[in-house]
Amino acid sequence: MLPLPMAALVSLSITFKLDKSLEYMHAITGAALENCASGCPWPSMPIIGSLWAQKVRRWHNFIVVSGSRSVFRQNNESVAQLLRSCFTSFLGTLSVSTSKLTSECGVNGLLGSTITAPGAYPYVSPGFLFLRSCRNIHNVQYVNDIIVGLVTEYSNELAGRRSDAGSRHIKSNESSLSLAAQSAKEVATLGASLLCAAGGMLLVQELYKETIPTWLLSSRDVKKNNDSVASYILEGYAMAYLLILSGSIIWGVGTKLPPGTFSRRSRTIEVHLDFLAEVMEKKISVSCNPITWKTYVCCFVGFMVSLAPVWIQEVRVDTLKKLALGLSRWNEHEIALSLLHRGGLAAMGALAELVTVIESERMLPSSLSNLY
């Protein structure tokens, strides 16, 4: 049984004369039926599909695909599986026996490269299905948690491929780590793209304010075969790139923005940097691995300095100063100085103070050696 308005629309549309001159009517009707069905509390597309498939054979695949989308509306497990399929289709899967990527991957794997032939069983690539379904996901905040988890998982997997089988240290081959970092960037790029498509600005704001801080504050069990320095480094690197790219897609990196977007961007970034500064001052304790934490902070600040310097000028000088001092304590002097330099004229005083502190620290060892 269909709701009365939808039943009336189906009854009216199914009586349309089928000829080429009325193709546009069927296109409009199809979209209307699809939107109505997705808004119903119970699945209506199977009923509509059974009626229309008898009338218009060429609509069969369209009906099947539309009906399959309804499961993602309120079923979180199905959403998680679809997102995992997107990552697998784009990045490939790791074969244990050969330790190589198998199956078709890349853009063709994610979005598909062929159209199902008439009469064949309909196939829809996971990326295409996600793009058609993501706006209907009821609990869209759940997408953040799943994507962050998948980025972490794939980063660990990348480290497992490029670390020595019997060692817990990074390979001495710099090109191997560089390739792993490039792959981690691809993982983060996919995650940012899916996240922005699903929730836009609201989901990115939650990523900055809630999801990433929670990820840093929580401890995670890492598989023993991937429990290496490389895995922690790639985790932090990928998550920093995920955050900076998501913000860049939604807010941009320039100054010409609508007033509402500009204020939301500055508030969101400042909240996140305030959180990082409080951790630096040991007011908050993170539970993630220290290597992950240090890599994340250094990479995120480094990405802001090089890719989005305008963001830094929107943050309070006091917050920038706390971050710079924390980075300086890690001997990351170059990033700390660049951060304050990008802060503009308002941060020049803090920059001069930091230069003085760094110079005094460098002079201290030589002064002590002269005493002996």
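Since every read-out is calculated from the coordinates, none of them should be taken as a lab result. Nothing here was measured: the structure is a model prediction, and the numbers come from that model. Positions of Cβ are backbone-derived with ideal geometry, glycine not excepted, and every protein chain shown enters the neighbour counts.
Would you list Lys185, Lys256 from fewest to most Cβ contacts within 10 Å? Final ranking by Cβ density, sparse to dense: Lys256, Lys185. Panel order for Val124, Val107, by other beta carbons found within 10 Å of each beta carbon, from fewest to most: Val107, Val124. Label separation (Thr261 vs Arg135): 1.8 nm, computed from points 7 Å beyond Cα along the C-beta direction. Shape class for the stretch 276-372: oblate, because the ratio a/c of the largest to smallest gyration tensor axis (alpha-carbon atoms, square roots of eigenvalues) is 1.5 or more and b/c is at least a/b.
Ordering Val297, Leu325, Met348 by Cα displacement along the dipole of the stretch 244-372 toward the positive end leaves Val297 in first place; charges were set at the Cβ atoms of Lys, Arg (+1) and Asp, Glu (-1). Given their separation in residues at 0.36 nm each and the Cα-Cα distance between them, Arg84 and Leu345 gain 89.4 nm when the chain is fully extended.
Computed from the alpha carbon atoms alone, the convex hull of the stretch 140-308 holds 109 Å³ per residue.
Between Glu278 and Val229, residue separation times 0.36 nm minus the direct Cα-Cα distance comes to 15.1 nm.
Residue exposure proxy: Met239, Met201, ordered by other Cβ atoms within 10 angstrom of their Cβ from fewest to most, comes out as Met201, Met239. Beyond 20 Å between alpha-carbons counts as too far, so tell me which of Lys185/Lys283; Lys282/Lys321; Lys185/Lys209 fall in that bin. The pairs that break the limit, which is 20 Å between Cα atoms, are Lys185/Lys283; Lys185/Lys209. With a Förster radius of 51 Å applied to the beta-carbon distance between Val355 and Val71, the computed FRET efficiency rounds to 0.30. Amide H contacts of Ala308 (H built 1.01 Å from N, in plane; Pro and chain starts excluded): no residue 5 or more places away or on another chain comes under 5 Å.
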